[in-house]
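Only one structure is covered here, and it is reproduced in the block below.
Bear in mind these aren't lab numbers, they're just calculated from the coordinates by the rules spelled out. This structure is a prediction, so every number in the text was calculated from the model and none was measured. Neighbour counts run over all protein chains shown; Cβ positions are idealised from the backbone, glycine included.
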Amino acid sequence: MSAPRTLFEKVWDSHVVGDAGAGGGCPAGPVLLYVDLHLVHEVTSPQAFEGLRLAGRRVRRPELTVATVDHNVSTGDRRLPIADRISALQVAALVRNAREFGVELFDLDSPDQGIVHVIGPELGLTRPGMTIVCGDSHTSTHGAFGALAFGIGTSEVEHVLATQCIVQSRPRTMEVRFSGLPAPGVTAKDLVLALIRRIGTAGATGHVIEYTGEAIRALSMEGRMTVCNMSIEAGARAGMIAPDAVTLAYLEGRMRAPAGAAWERARGAWAGLHTDPGAAFDATVHIDAAAVGPQVTWGTSPGMTAEITERVPSPADAPSDADRQSYQRALEYMDLRPGTPLEGLKVDRVFLGSCTNARIEDLRAAAEVARGRKVAGGVRAMVVPGSQRVKAQAEREGLDRIFTDAGFEWRNPGCSMCLGMNDDVLGPGERCASTSNRNFEGRQGKGGRTHLVSPVMAVAAAVEGRLVDVRAYMR
Amino acid sequence: MQPFSEHSGRAAALRRANVDTDQIIPKQFLKRIERTGFGPSLFHDWRYRSDGTPNPDFELNRPEAAGATILIAGANFGCGSSREHAPWALADYGFRAIIAPSYADIFFGNCCQNGLLPVVLAPLQVEELFDRAAAAAGWYRLTVDLVHRRVRDGQGFDAGFEMDDYRREMLLQGLDEIGRTLLDESRIAAFERGRALAAEQVSA
Ligand code: SF4
């Protein structure tokens, strides 16, 4: 019998082509890893396609490559031409590149367009046991299906296009076990923020995390994607969750998922995709999910997180000298004073969207809180569905009406104010409750102040005009 | 890729931890479809005041940082997005090497792809470099030697660093990694055939 292996090791081992550089007389080190699915978007791909063109190279496996436009597209009226000339050029470049190199593109007019990490899973492209890469750090999202999925740079995008392989050194493994079940009002987003607070934004650098435990098993696929999505915010190369009945139920019948006999075969192959008893991780973290409350970030890094019932910390509380300086800088940028209760901080804007929290289940949970309530005066709140499919589904369920009746804007899919490459940006000094993943300085607009929260916390903040504990709404 | 073997130059100190790629190159500059021209936008929101004039308080705008080609930075440098625009901007600005206690994984790889050498030293060694740069008050020079994997200042600081043999070779020779991988085409093709065969056997 072979030695017990982790889920990560099984997927990794089955994709190793060989030592990188062995055929080119280079010293051994990293390996060449075969890529099953390569997702492409408009911002990190133009230079890669241009590189291929200049070198006279082709895309080795165009049928394993799928492109969409999401990062810089407008979430307003899609019948209008893209107003920003340079954004329009970038989108046009992807259209041209996809055509020239034979890559399938879900463009602005497609009913399947959306944020790349939302459409991969919902089209059934993302499947257990795969290796998936994309020129985007939140590719870790796809690990929720038991795939090994990670972000790469543009030179690597070009490398994968040309060779269908990626040069990778073997990461270490970390198990993050969430035992117990979270209380009502505490979501997948809160679990992962609590983890990042615990281990820090570099806590999992060089590691692939596998999430295990009762709380993870109890999550829907959407919730699992939220958790894996933010693995990168803990510094991890990737996050993974072993596939189970929840995974199969999500995948069955999706547009690109295997069907019929192929589905049965795939199910059989996926059955072995779990960590064997006795397999060892390089590191283990244990969190009691039952003890986690709703989280809100107070600073300019996702690790600067506290529970909504806590107060803004003081630089004196920082664990080290370097952190003290970061705390100081973050508090200045966020215009917060130590000791101020987080609950009650006034917000100007609310953003419900991004590849972290703009799937149908996120919108359902958020709409449940928004139903029959009104966005507070002076607050601008927007909902940006993760994809056209999410948007259409939400409209079929009447969620759009719930949101618009409450005073939310209902917009078209894209990354939007997660990174503010389009017109959806915070003004200087504006404070925002956001369901996205990064609260970096200026991320949502120069001078904008971001508080990361779950979708239900975001709606509660919109309704009250300030950060509040959504658990009060759950009773 | 520009090869890197040994480089001597002025060092600039950016004593901040967790500098993210959104700071290194803010998103409004990601719309270009070229690899060049990002230097003027490097650290844009820190470097310029809202009226577009240079912010004199920002570390790289101080006189002692003028013309710097080596950046000393805090831990977890380059965290956040996978945007290769970050190393493109650093290289376009003129940096040839970075020295920090740690980097985010994707950023580290992206630097190596662009001949921008990411050197990892121990936190205390980086602190010492910050102190020495501050004490030099105006002119601090370092030599980064990839051949022997060492950093020296010619005034007593001499520290070794690690860089795996594969990446070191790539950087020393300025190799085109795609060209190199394509030399392995037969192995890739064999891997693909093997998997197709395995799939058929399962279905038989
Ligand atoms: S939604 Fe935000 S994090 Fe996700 S892919 Fe778009 S920009 Fe990146």
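Observations on the model:
- For the stretch A:409-419, taking the residues that are part of a loop (DSSP other than H, G, I, E, B) and crowded, with 24+ Cβ neighbours inside 10 Å, the one that is farthest from the ligand (Cβ to nearest atom) is identified as A:P413.
- Scanning the stretch B:16-63 for residues being in a helix (DSSP H, G or I), of a type in the set (K, R) and more than 7 Å from chain A (Cβ to nearest Cβ) gives a total of 1.
- Residues that are away from the ligand (no atom under 16 Å from the Cβ) and not in a helix (DSSP H, G or I) within the stretch A:351-387 comprise A:R371, A:G372, A:R373, A:K374, A:V375, A:A376, A:G377, A:G378, A:V379, A:R380, A:A381, listed in sequence order.
- Comparison of B:R150, B:R195, B:R167, B:R180 shows that the only residue that is away from chain A (no Cβ under 11 Å) and not β-branched (V, I, T) is B:R150.
- The residues of the stretch A:270-318 that are among the polar types (S, T, N, Q) and not in a strand (DSSP E or B), listed by number, are A:T275, A:T300, A:S301, A:T309, A:S314.
- Residue in the stretch A:307-322 that is touching an Asp or Glu at 6+ places or on another chain (Cβ under 6 Å) and within 16 Å of the ligand (Cβ to nearest atom) present: no
- Screening A:T139 with (1) part of a loop (DSSP other than H, G, I, E, B); (2) within 10 Å of chain B (Cβ to nearest Cβ) gives one miss only, at (1).
- Unmet requirement for A:E175, which otherwise passes all of (1) surrounded by fewer than 24 Cβ atoms within 10 Å (Cβ to Cβ); (2) in contact with a helix residue (DSSP H, G or I) (Cβ under 8 Å, 6 or more places away or on another chain); (3) of a type outside the set (V, I, T); (4) more than 13 Å from chain B (Cβ to nearest Cβ): (2)
- Count - residues of the stretch A:157-172 that are more than 7 Å from chain B (Cβ to nearest Cβ), in a helix (DSSP H, G or I) and not β-branched (V, I, T): 1
- Counting only helices (runs of 4 or more DSSP H) that sit wholly inside the stretch A:1-110, those with at least 2 residues that are within 14 Å of chain B (Cβ to nearest Cβ) and surrounded by fewer than 20 Cβ atoms within 10 Å (Cβ to Cβ) are A:46-55, A:85-101.
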